[in-house]
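The values are calculated or read from the model by the stated rules, or taken from the named source; none is laboratory data. All of these numbers come straight from a predicted model, not from anything done at the bench. Cβ atoms come from the backbone with ideal geometry, glycine included; neighbour counts cover every protein chain shown. Ligands, DNA and RNA are excluded from the accessible area calculation, which covers all protein heavy atoms including side chains. Shrake-Rupley method; radii C 1.70, N 1.55, O 1.52, S 1.80 Å.
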Amino acid sequence: MRGFRFSDYKPGDAPKGGFDELLKLFSELLNYTAGDAAEALSWLNELDKQYKLTNNDYGIGNFIDDLKDKGYLTEDNQSGEFKITAKTEQTIRKSALDEIFGKLKKSGRGNHNSNQSGIGEEKNADRREYNFGDSLDQIDMTASIQNAQINHGIGDFTLTDRDLEVEEKDFKTLTSTVLMIDISHSMILYGEDRITPAKKVAMALAELIKTKYPKDTLDIVVFGNDAWPISLKDLPYLQVGPYHTNTYAGLELAADLLRRRKTHNKQIFMITDGKPTCLKENGKYYKNSMGLDRKVINKTLNMAAQCKRLKIPITTFMIAKDPYLQQFVRQFTEINGGRAFYSSLNGLGEYIFEDYIKNRRKTVK
């Protein structure tokens, strides 16, 4: 009789020590410590005590020496302070990319092409008759000759424009994206760390664009009481502050950055978990965290409408489940003509990657 046999779980896949395995764990810990190498090493040491990550031949001390020798870590000779290097920052981004994009490939997400097609860069399975204006490199000559033989016979070969068969191609446009990250205090409230997944997604998206779509542009904007741009190298060190949520300032800055880009395809991705609660007027902050303040909300909605006039769609990734907040996001999305995803933290990266790839694969006739 065939069936299943159950037994006690024994973790046989636990790390067995060695530089590569410890580096993966160290890189992950750096996401949670905002790039603080000393704190990450302290956590790693505690994990080693609990789970015996190292062995008699290779300890945490050996690992730290290797980090310095291989260029992942520097140590101040006077203060003894550890700092990560640009090589480590890239390793963190690549690790985030592998984690998120690996899930995409396994789950089959992505590549949601439009139902239109035309002159482009990548062939697809669609075929059609030749139309005046189609380029010659789209014509499948083998299939066209076969059509001519079927239609007119082999003895007296004739090839007409009705025999020509055209291969459709997907057209990929250059895309300029601004990724907005909410760094208000609510991103770490209620015992849930929301900033680390958002930061990890930003690093993965940046690495994807840098390696696979180098002609695309990605700007990163963070917003709390104010909004400001950050560079790629600042991402590992990003932390939540004691801030309210000035969504208006973030959108205003994002739109200004995109206005300077010469690409036709522009978009804003906004990761947030809360309602707009703050404005800045005449150098002073207007704040109200109680409910949805009409003054703050209306100005934010006006900014969404302005982005629509600039042909900048906003995709909001909402990582909170409060019904009244979701109602605001629906209204915001309707005014802008964009999209909204009510995502869990675990699915955030997959949603953003799928939407980014979908948006850049535009098709024309």
Query raised in the report: So what is the accessible area of the chain per residue, in Å², with the probe set to 1.4 Å?
Result: 56
Query - segment 19-84, relative contact order [Cα under 8 Å, separation at least 6], % - result: 30
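What is segment 211-365's relative contact order, in percent, from Cα pairs under 8 angstrom and six or more apart in sequence?
18
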Report task. Would you mind working out the magnitude of the charge dipole of segment 219-268 relative to its Cα centre, with +1 at each Lys and Arg C-beta and -1 at each Asp and Glu C-beta, to the nearest 20 Debye? Result -> 320
Report summary line: With the 8 Å Cα cutoff and a minimum separation of six or more residues, the chain has a relative contact order in percent of 17
Requested in this report: Considering the convex hull of the alpha carbon atoms of the chain, report its projected area averaged over all viewing directions, in nm², one decimal.
Outcome: 30.5
Query raised in the report: Per residue of the chain, what 222 nm ellipticity follows from adding -39500 (n - 2.57) for every DSSP H run with n ≥ 4, rounded to the nearest 500?
Result: -13000 deg cm²/dmol
Requested in this report: Restricting things to alpha carbons, find the Rg to Rh ratio for segment 122-170 using the Kirkwood radius for Rh.
Outcome: 1.01
Query raised in the report: Roughly how many debye, to the nearest 20, is the charge dipole of the chain about its Cα centre, given +1 on each Lys and Arg Cβ, -1 on each Asp and Glu Cβ, and no other charges?
Result: 1240
Query raised in the report: Among Gly71, His152, Phe317, whose Cα sits farthest toward the positive end of the charge dipole of the chain (+1 at Cβ of Lys/Arg, -1 at Cβ of Asp/Glu, about the Cα centre)?
Result: Phe317
Query - Alpha carbon convex hull of segment 178-299, projected area averaged over orientations, nm² - result: 8.2
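Based on the Cβ-Cβ distance of Tyr190 and Arg260, what FRET efficiency does E = 1/(1 + (r/R0)^6) give at R0 = 45 Å, to the nearest 0.05?
Values: r = 38 Å, r/R0 = 0.84.
Rounded to the nearest 0.05, the efficiency is 0.75.
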Query raised in the report: In degrees between 0 and 90, to the nearest 10, how far off the longest principal axis of the chain does helix 60-69 point, with axes built from Cα atoms?
Result: 60
Query raised in the report: For the residue pair Ser79 and Thr173, what label-to-label distance in nm results when each label sits 7 Å from Cα along the Cα-to-beta-carbon direction?
Result: 4.8
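How much length, in nm to one decimal, is gained on full extension between Ile154 and Asn346, taken as 0.36 nm per residue of separation minus their Cα-Cα distance?
Working it through step by step, the gained length comes to 63.1 nm.
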Requested in this report: Once you've got the Cα coordinates, tell me which of Lys212/Lys262; Lys49/Lys200; Lys83/Lys212 are over 22 Å apart.
Outcome: Lys49/Lys200; Lys83/Lys212
**Report entry** Rg over Rh, two decimals, segment 19-84 (C-alpha only, Kirkwood Rh)
**Finding:** 0.94
Report summary line: With +1 at each Lys and Arg Cβ and -1 at each Asp and Glu Cβ, the charge dipole magnitude of segment 140-210 around its Cα centre, to the nearest 20 debye, comes out at 580
Requested in this report: Any chance you could give the angle, 0 to 90 degrees and rounded to 10, that helix 37-51 forms with the longest Cα principal axis of the chain?
Outcome: 80
Report summary line: Any chymotrypsin sites (Phe, Trp or Tyr not before Pro) in segment 124-212 that lie in a DSSP loop and have at most 11 other Cβ atoms within 10 Å would be Phe132, Phe157
Report summary line: In whole angstrom, the spacing between the Cα centers of segment 38-79 and segment 261-306 equals 43
Query - Principal axis dimensions, segment 311-365 - Cα atoms, whole angstrom, descending - result: 42, 28, 13
Query raised in the report: What is the spin-label model distance, in nm, from Ser289 to Ser135 if the labels are put 7 Å beyond Cα along the C-beta direction?
Result: 5.6
